[in-house]
Amino acid sequence: MPPGAAGAGPGAMPGGGGGGGSTAAIVEVNRANFEQLVIRASMEDPPVGGAVIIDAYADWCGPCKQLTPKLERLVTASGGAVRLAKLNVDVEQELAQSLQITQLPTVLLVHKGKLVDSFTGAVPDQQLAQFVTKAVQLAGGAASGERALDEAGAAFEAGDYARAEGLYHALTRLPEHAAEATAGLAMCALRAGDHATAKTLVARLHESHKDALDRPRVRQAIAQLELVADVEGAEGVAEGGGLDELRAAVAADDGAPEPKFALAQALVARGEPAEAIELCLAILRAERGWNEGAAKEFLFKIFDSLGGGARADEEGPAPSRQPPLQQATGAGWRLATGGAAREAESSRPIARAQPHRSIKALSEVRGGALAALGHLPTLRLDEARPHHAIDDGQLS
């Protein structure tokens, strides 16, 4: 990661998510940007930095016109592991002279600020592929950005929030991963109880990453923030003796949706989504349009907050890179409505309190809930709306 990234907290705003050409895989270099796009980039660790290939060419050079497209394809196939810096020697004569380029095409490999390999002239495709493979290996392998996202998600799942924050913060500098990394930072902020930062980050998602709002990791962050707002006020019930009263109210009038919904909110605030899902399903089975669809909206927010991206009109849960949110102390799920301090104060370890809330069990509950929704023939998701909202016109 770039220097200082590992220590970035959730309150540190991402710096260049859409960042111009500074993190693009293929760039045109000149004397003004060479230091930044080649030397400094090669000094940084993957996935933000890594090895840089310099392709020195000229518009009149026939072999260059054959070589450059091949280099571009190989670099693109590396999944962002390597940068290709294209240098037009006619336009940037002084820079070309400083690099001692005397023949075209010339291809240089720069790593950690040093020239580590080069070749001139046309070369066989196999030799060219080996040259790019060497650059990819120096960069830590292909698709290092994807792997860094996985690593950040795993760190978050394991409760290593500082590491997750550092990884996510660095990944915001890569345009192709900025949306999911910003979503990850929002979830880290929620876990730390920094709701203001989480709101700012989610607002940034809506403003700068509209095309990514339906990605599972992004939906997860948005849903978690929305759930925090939805269950505000239910925490006191969840932490006190109010759950017994709500359960008694449900038992006294099993047909009434109000006590079921209040109990579902309190359970989510307590970190028990499985039973909350069941209560929402019960409301939907009895009265699908109750309270302008409050139960179905709440239900799908729970689904999104768990990650996975499955839809009710699919046969089952879709795979996700981001596992369900879980407590650092073990498998489970807890909405960080009160922040780390409230979690620390709780005398009851939420993640271990009930074995049925393990990740595997939650996945089964989630899948079962989706299957149950599938048995309601008029209950369908409106694909035109990104956050699993259901069109009331489809519930007639």
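The values are calculated or read from the model by the stated rules, or taken from the named source; none is laboratory data. Computed from a predicted model, the values in this text were never measured in an experiment. Counting neighbours? That spans all protein chains shown, and the Cβs are built from the backbone with ideal geometry, glycine included. The area values use the complete protein model at the heavy-atom level, side chains included, leaving out ligands, DNA and RNA. Shrake-Rupley method; radii C 1.70, N 1.55, O 1.52, S 1.80 Å.
Details
- Using the Karplus relation 6.51 cos²θ - 1.76 cosθ + 1.60 with θ = phi - 60°, the per-residue 3J(HN,Hα) values for the stretch 194-201 come to 8, 5, 4, 5, 4, 5, 4, 5 Hz, with x marking Gly and Pro.
- Heavy-atom accessible surface of residue 258, to the nearest 10 Å², is about 100 Å², with a 1.4 Å probe and all protein chains retained.
- Local electrostatic count at residue 110 - Lys and Arg +1, Asp and Glu -1, tallied over other residues with Cβ under 15 Å: +1
- Over the stretch 27-182, accessible surface divided per residue gives 43 Å², non-protein components excluded, 1.4 Å probe.
- Sites residue 244 and residue 45, calculated FRET efficiency, Cβ-Cβ separation with R0 56 Å, nearest 0.05: 0.55
- With every protein chain in place, the stretch 30-161: carbon and sulfur % of accessible area (1.4 Å): 50 percent
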